[in-house]
1. If you take the residues of the range 372-385 that are crowded, with 22+ Cβ neighbours inside 10 Å and not in a strand (DSSP E or B), which of them is nearest to the chain's Cα centre (by Cα)?
2. Check whether at least one residue in the range 360-371 is in contact with a strand residue (DSSP E or B) (Cβ under 9 Å, 6 or more places away or on another chain), touching a residue at least 24 places away in the same chain (Cβ under 8 Å) and in a strand (DSSP E or B), and report yes or no.
3. Quick check on Glu243: is it in contact with a Leu (Cβ under 9 Å, 6 or more places away or on another chain) and not β-branched (Val, Ile, Thr)?
4. Where in the range 127-182 are there helices (runs of 4 or more DSSP H), lying wholly inside it, with at least 2 residues that are in contact (Cβ under 8 Å) with a residue 40 or more places away in the chain, over 20 Å from Arg273 (Cα atoms) and not charged (D, E, K, R)?
5. Do you know which residues across the range 111-128 are under 29 Å from the mean Cα position of the chain (by Cα) and either surrounded by 11 or more Cβ atoms within 10 Å (Cβ to Cβ) or outside the structural domain of Cys94 (by TED's automatic domain parsing) (or both)?
6. I need the full set of residues from the range 188-234 which are outside any loop (DSSP other than H, G, I, E, B), in contact with a strand residue (DSSP E or B) (Cβ under 8 Å, 6 or more places away or on another chain) and surrounded by fewer than 20 Cβ atoms within 10 Å (Cβ to Cβ), in order please.
7. How do the pairs read when you match residues in the range 386-406 that are on the phi > 0 side of the Ramachandran plot with residues anywhere that are assigned to a strand (DSSP E or B) and crowded, with 22+ Cβ neighbours inside 10 Å, using Cβ under 7 Å and keeping only pairs 6 or more apart or on different chains?
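The values are calculated or read from the model by the stated rules, or taken from the named source; none is laboratory data. Keep in mind it's a predicted model, so treat the numbers as computed, not measured. Neighbour counts are summed over all protein chains in view; Cβ atoms, including those assigned to glycine, are modelled from backbone coordinates with ideal geometry.
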Amino acid sequence: MSETVNLKQRADEYRENTRDLKKRIIVCAGTGCIAGGALKVIARFEELIKEKGLNVALTIDKHEDGYQVSGSGCQGFCQMGPLVTIHPDKIMYCKVEPGDVEEIISESVLQDNVIDRLVYKAKPGNKAYPKKDDMPFFKNQNHMVLRKVGNIDPTDINEYIALGGYAQAEKALGMKPEEICSLMMDSGLRGRGGGGFPTGKKWDLTRLNESDQKYIICNGDEGDPGAFMDSAVMEGNPHSILEGMMIAAMAIGATEGYVYVRAEYPLAVKRIRAAVKAAEDAGILGEHMLGTDRPFTVTVMEGAGAFVCGEETALIASVEGNRGMPSPKPPYPALKGLFGKPTVINNVETLSTVPLIFEVGAEEYKKLGTAAASGTKTFALTGHVLHTGLIEVPLGTTLRTIVYDIAGGVTDESGALSPEGFKAVQIGGPSGGCLTREHLDMPLDYQNLTAIGAMVGSGGLVVMNQQTCMVEIARYFMEFTQNESCGKCVVCREGTKQMLDILTDITQGKATMEQLDLLEELAGVVKAVSLCGLGKSAPNPVLSTLKYFRDEYVEHIVNKRCPTGQCKALRPYRIDEAKCTGCGACLRKCPAGAISGEKKQPHMIDPAKCTKCGACIDACKFGAVLA
């Protein structure tokens with residue numbers, strides 16, 4: 001082992017340099033908190049600590065007896081950002097602004113006092129939770145992949161090494177390729193990108209295919225609306241991904257790797273590139289991986305943001321410089337992938353999990369999750385819940401635990417808790433399906449979700465309350481997948497367009513029951529015949545909402561009414577009595593004779609006669625006609 005790749009020496013130096021730090025101030029510097037002003041908060045901390053004459057370490061490169069200020073990746077509690085955590089006590093402050101920094105330094109950093117107004121409370125006057133680990137949002141999670149994300153400086157390779165980083169890749173150097181694949185198969189890890197294919201089996205199939213060149217690709221093309229699990233890992237712990245790629249490369253005999261990241265993730269691109277350079281400078285990556293004669297180089301490539309490039313063959317085409325379009329399988333990438341060579345493609349979360357399995361062992365890893373789905377899964381939790389953000393729970397966790405124990409419960413349109421407000425959860429993004437009240441206690445894993453027409457997917461969870469129109473939800477996701485269809489196969493290109501047209505007609509009150517039957521038939525055809533995963537899964541939101549909320553479709557079609565009032569075209573027109581002057585302008589313009597009323601008295605609209613043409617809205621100068 002060469003001196004430049006002496007991991008123990010680097011780890012010892014880091015620990016020595018940080019041994020006497022009194023406090024560490026970690027400011028969330030993930031994309032969400034940066035948008036909320038986190039960089040200004042970091043700058044204010046640095047400025048005030050220096051003004052007070054305190055010894056502040058902004059980068060750890062020498063012995064420091066003072067205070068360290070650093071940014072991190074996403075700390076998870078996105079709704080409460082910018083977040084500031086004071087170590088070693090893990091005091092977390094929420095919604096911190098630059099004007100709060102002086103008080104945090106003087107009271108919390110220097111005197112160990114807790115600033116009550118900045119700690120988390122569900123509502124004003126409720127119980128305060130100063131410590132991060134005590135908060136219900138975090139207490140009910142089980143962090144493995146996210147263990148370092150939000151707690152380390154993602155730009156400091158030495159901190160990653162000091163916490164055991166790259167030691168697992170070093171361990172893999174002493175193992176045979178088949179031993180590595182066997183360990184991964186024993187762990188039960190399945191791909192976290194959506195398909196859920198056993199990771200060890202994928203590696204072993206690629207290992208067995210002889211070739212003069214093999215490749216590893218990290219799929220960071222996370223395209224589901226509202227999903228940010230992979231971007232959070234790339235921003236917060238990029239070295240774990242590289243270490244996972246190195247272990248995969250040793251398993252199959254690859255010498256080159258690609259990290260494919262969508263260009264809409266500029267911070268993830270920046271940090272993963274910085275991590276690659278730092279690993280190369282340290283001799284960990286490159287022509288002499290970890291100081292050996294084994295080469296492994298990594299290239300970071302930006303994708304153009306096509307959702308279909310999340311599919312393996314489309315991603316390969318994009319890396320090769322071609323238009324991102326899928327191709328028929330077989331042959332699978334394990335046999336004929338990038339540039340026609342055997343290729344392993346794993347997503348960010350999968351690769352980041354690999355070093356953890358090597359660290360704890362397959363048997364210990366399998367203690368989390370279920371017999372059929374081991375380990376944990378990250379989810380982007382959004383929608384009508386009290387707390388949104390990035391979470392990680394063991395596979396097999398129930399929806400009830402996530403929605404009520406972690407997310408704090410369902411909210412109404414005003415943001416207040418609504419105990420009976422739960423209606424559904426869309427899981428797996430536009431490729432997934434809806435879970436209803438009857439699924440609240442169902443363990444979430446690959447088999448259970450597939451059995452009811454849904455899927456884990458990449459990990460998006462959108463919680464919906466009773467005011468959500470399920471027909472509009474289906475239309476929204478169909479619009480997304482229709483726009484993202486590459487157009488290569490007719491059944492997806494035209495089928496999704498026809499399905500979108502029918503859904504649009506339903507939300508506008510123009511559809512017939514015959515069209516509803518056609519919609520269901522089209523969904524079955526598109527699912528069965530489409531070329532790639534995008535087309536095959538595109539009908540899932542439609543089929544699941546038809547299964548569980550058919551009555552809403554019928555109400556839209558037969559009674560021309562949206563039960564939730566969310567479909568604008570189906571909202572009944574009405575006149576606000578407080579604003580109506582009785583001028584008669586709307587009455588004179590109504591072509592259907594639906595408006596009545598005496599002069600200078602509030603008028604009324606008969607919904608049975610109203611055609612919702614909008615003439616009354618245009619005629620009213622007082623804004624009294626509402627739709």
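1. His384
2. Yes, the range 360-371 has at least one match.
3. For Glu243, the condition - in contact with a Leu (Cβ under 9 Å, 6 or more places away or on another chain) and not β-branched (Val, Ile, Thr) - is met.
4. 136-139, 167-173
5. Leu118, Val119, Tyr120, Lys121, Ala122, Ala128
6. Residue satisfying the conditions is Pro198 alone.
7. Gly389/Leu381; Gly396/Gly369
Per-residue answers, yes or no, for (1) in contact with an Asp or Glu (Cβ under 9 Å, 6 or more places away or on another chain); (2) surrounded by fewer than 14 Cβ atoms within 10 Å (Cβ to Cβ); (3) not in a loop (DSSP other than H, G, I, E, B):
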site: Gln515; (1), (2), (3): yes, no, yes
site: Ala523; (1), (2), (3): no, no, yes
site: Lys536; (1), (2), (3): no, no, yes
site: Val542; (1), (2), (3): yes, no, yes
site: Tyr553; (1), (2), (3): no, no, yes
site: Cys562; (1), (2), (3): yes, no, no
site: Thr581; (1), (2), (3): no, no, no
